[in-house]
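Q: Okay, here's the structure, questions in a sec.
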Amino acid sequence: MTYLRILAILFLSLQLKAQNLNGILKKAQEITTKPQINPADISAGLKEALTLGAEKGCADLAKHDGFFKNAARKIAMPPEAQKIESTLRSMGLNQLADAFILSLNRAAEDACKTAAPILLQAIKEMTVTDGLSILRGNERAATDYLRSKTQDQLTEQFKPTIQASLATVQATKYWDQLNKAYQAIPFSNKRMNPNLADYVTEKALQGIFDEIALQEKEIRSNPVARTSALLKRLFDKP
């Protein structure tokens, strides 16, 4: 009886191993027969994903309140001026501080209207080699690539736009008023003068690329966001 039990156990063990081996072979066959995406399609798919992200990101931020009512993107008082803000608010000058912050966000919203063409041109210039590297990268690899290609050009273009917008929305006027009000406080003898154009330009660009990164992450992780056959082929799991 003991001998028969041993034979039965050995038989069952061999069956399980055979089943496991068949499963492994089947999986290997699926992998080898799955149609591979060629490098040109990878590049085209990433260009499509980046184009969607750039167009949506810029459009959303360029809207009225695109920055100001976006909790993640809203531009606050420059760090150098936070002492002024807290002091003035403690004296009941909230309206002046609020008007200044609103003007900074309006300037950024205005500048974002000009960003899309530069971003889209850089996307068109992406090479097949770039595409392969980006596909193997992290969830914002495409955004980081785009930023490396456009940061300097966007900064150069944004600064005069931001400067003009700051004047149009009276940010410079509010800043002068804030400084004068702060100087009028007894024992206040330090005038804060951060470069508003540099500050808002930096924040506006950061907002744009963070929005593009959100779109990229969504396309990579959410099948519903893959709105074309090419995106589905590129990002769907095997």
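Q: Residues that are closer than 22 Å to Asn195 by Cβ: list the helices (runs of 4 or more DSSP H) wholly contained in the stretch 81-159 that include at least 3 such residues.
A: On the way: elements: 82-90, 94-111, 116-124, 128-135.
Hits in the stretch 81-159: 82-90, 94-111.
Q: Something else: Could you go through the stretch 93-114 and let me know if any residue there is surrounded by 16 or more Cβ atoms within 10 Å (Cβ to Cβ) and over 23 Å from Gln163 (Cβ atoms).
A: Checked the stretch 93-114: at least one residue is surrounded by 16 or more Cβ atoms within 10 Å (Cβ to Cβ) and over 23 Å from Gln163 (Cβ atoms).
Q: Please enumerate the residues belonging to the stretch 130-143 that are surrounded by fewer than 16 Cβ atoms within 10 Å (Cβ to Cβ) and in contact (Cβ under 8 Å) with a residue 40 or more places away in the chain.
A: Leu132, Glu139
Q: Would you pick out the residues in the stretch 43-92 that are farther than 15 Å from Asp210 by Cβ and aromatic (Phe, Trp, Tyr)?
A: Of everything in the stretch 43-92, just one residue is farther than 15 Å from Asp210 by Cβ and aromatic (Phe, Trp, Tyr), namely Phe68.
Q: Look at Tyr199 and say whether it is among the hydroxyl-bearing types (Ser, Thr, Tyr) and either more than 30 Å from the chain's Cα centre (by Cα) or modelled with pLDDT under 85 (or both).
A: For Tyr199, the condition - among the hydroxyl-bearing types (Ser, Thr, Tyr) and either more than 30 Å from the chain's Cα centre (by Cα) or modelled with pLDDT under 85 (or both) - is not met.
Q: Still on this structure, I have one more. May I ask you to say which residue of Thr150, Thr161 is over 30 Å from Ala40 (Cβ atoms), crowded, with 16+ Cβ neighbours inside 10 Å and of a type in the set (Ser, Thr, Tyr)?
A: Thr161
The values are calculated or read from the model by the stated rules, or taken from the named source; none is laboratory data. Nothing here was measured: the structure is a model prediction, and the numbers come from that model. Using ideal geometry, Cβ is built from the backbone for each residue, glycine included, and neighbour counts are taken over all protein chains shown.
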